[in-house]
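Undergrad: One structure coming up, written as structure tokens, with questions to follow.
What follows draws every value from the coordinates through simple rules; no lab data is involved. This structure is a prediction, so every number in the text was calculated from the model and none was measured. Reconstructed Cβ throughout: ideal geometry from the backbone, glycine too, with neighbour counts over all protein chains shown.
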Amino acid sequence: MKHMILASIAGLGLLAMAPEAAAEYKCACYAPAKPGIEGSKDANMTCSETYDKFDNSVSVQESHLKIYVDSKNTVQGDKDMNIRFRPRDGKCLERVADGVRESIIWEGAYCNNSSYKDLGQFKFEENKDKPGNWTAKFQGKTGGKDYNGFVLFAENGDKKYMQAVCMDNK
């Protein structure tokens, strides 16, 4: 029953993320939430990867950046989370920002294309029109391309369950 509730809530919370209308997003989605995410009129999102349990780690990647949410962050009991960032294709990670607080979390030159930079304190924002739906937003700047992304959560009881992690499809 919990999974059905989460899947039905996921499609309702997409207004909270305020994506650019013309942008396309590549996502890793919770399998029961996939129809609501891909069918949303709020943004053009494609679930290129799916997961069916909340004890899985989840990642999504593009040509110059890969993001990774470990299994400890797919279920949340508080109002912030960690996301791991790894540059790709010989590029360097230059900056990571929190889109909810609109502030820089980390800045420098991280050029290790084989391991992740684990960054925390990405804040959640609840959708005012759809209580129980939460979004964390991020921006990753590389020496090649810059990416915007978000993580969607649906609340059930005192926990938030990750429905999708998405980033620009560039």
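Undergrad: Rounded if a/c is under 1.5, else prolate if a/b beats b/c, else oblate: with a ≥ b ≥ c from the C-alpha gyration tensor eigenvalues square-rooted, which is the chain? Walk me through the intermediate numbers first.
TA: Working: a/c = 1.66, a/b = 1.56, b/c = 1.06.
Here the chain falls in the prolate category.
Undergrad: For the chain, what's the relative contact order in percent, using C-alpha pairs closer than 8 Å and at least 6 residues apart? Present the calculation step by step, with values, prior to reporting the outcome.
TA: Details: 447 pairs, mean separation 42.8, N = 170.
For the chain, the relative contact order is 25 percent.
Undergrad: While we're looking at this one, here's another question. Is there a quick way to get the dipole size of the chain? I mean about its Cα centre, with the Cβ of Lys and Arg at +1 and of Asp and Glu at -1; what is the value in debye to the nearest 20? The partial results should precede the final answer.
TA: Values: 24 positive and 24 negative charges, 46 e Å.
Using Cβ point charges on Lys, Arg, Asp and Glu, the chain gives about 220 debye.
Undergrad: Estimate the FRET efficiency between Ser63 and Ser115 by the formula 1/(1 + (r/R0)^6), using the beta-carbon distance for r and 25 Å for R0, to the nearest 0.05. Please report the intermediate quantities before stating the final value.
TA: Details: r = 18 Å, r/R0 = 0.74.
Result of the calculation: an efficiency of 0.85.
Undergrad: Take the alpha-carbon centre of the range 141-170, take the same for the range 61-132, and report the distance between them in whole Å.
TA: After rounding, the separation between the Cα centres reads 8 Å.
Undergrad: Assuming R0 = 25 Å, can you tell me the calculated FRET efficiency for the pair Lys159 and Glu107, based on Cβ-Cβ distance, to the nearest 0.05? Don't jump to the answer; show the numbers that get you there.
TA: On the way: r = 32 Å, r/R0 = 1.28.
So, using R0 = 25 Å, E works out to roughly 0.20.
Undergrad: Where in the range 76-91 does the label zone of Asp55 land, with the point 7 angstrom along Cα→C-beta and an amide N cut-off under 19 Å?
TA: Answer for the range 76-91: 76-77.
Undergrad: Can you tell me the length gained on complete extension of the stretch Asp89 to Lys123, counting 0.36 nm per residue apart and subtracting the Cα distance?
TA: Numbers: separation 34, 0.36 × 34 = 12.24 nm, distance 2.88 nm.
The span from Asp89 to Lys123 would gain 9.4 nm if fully extended.
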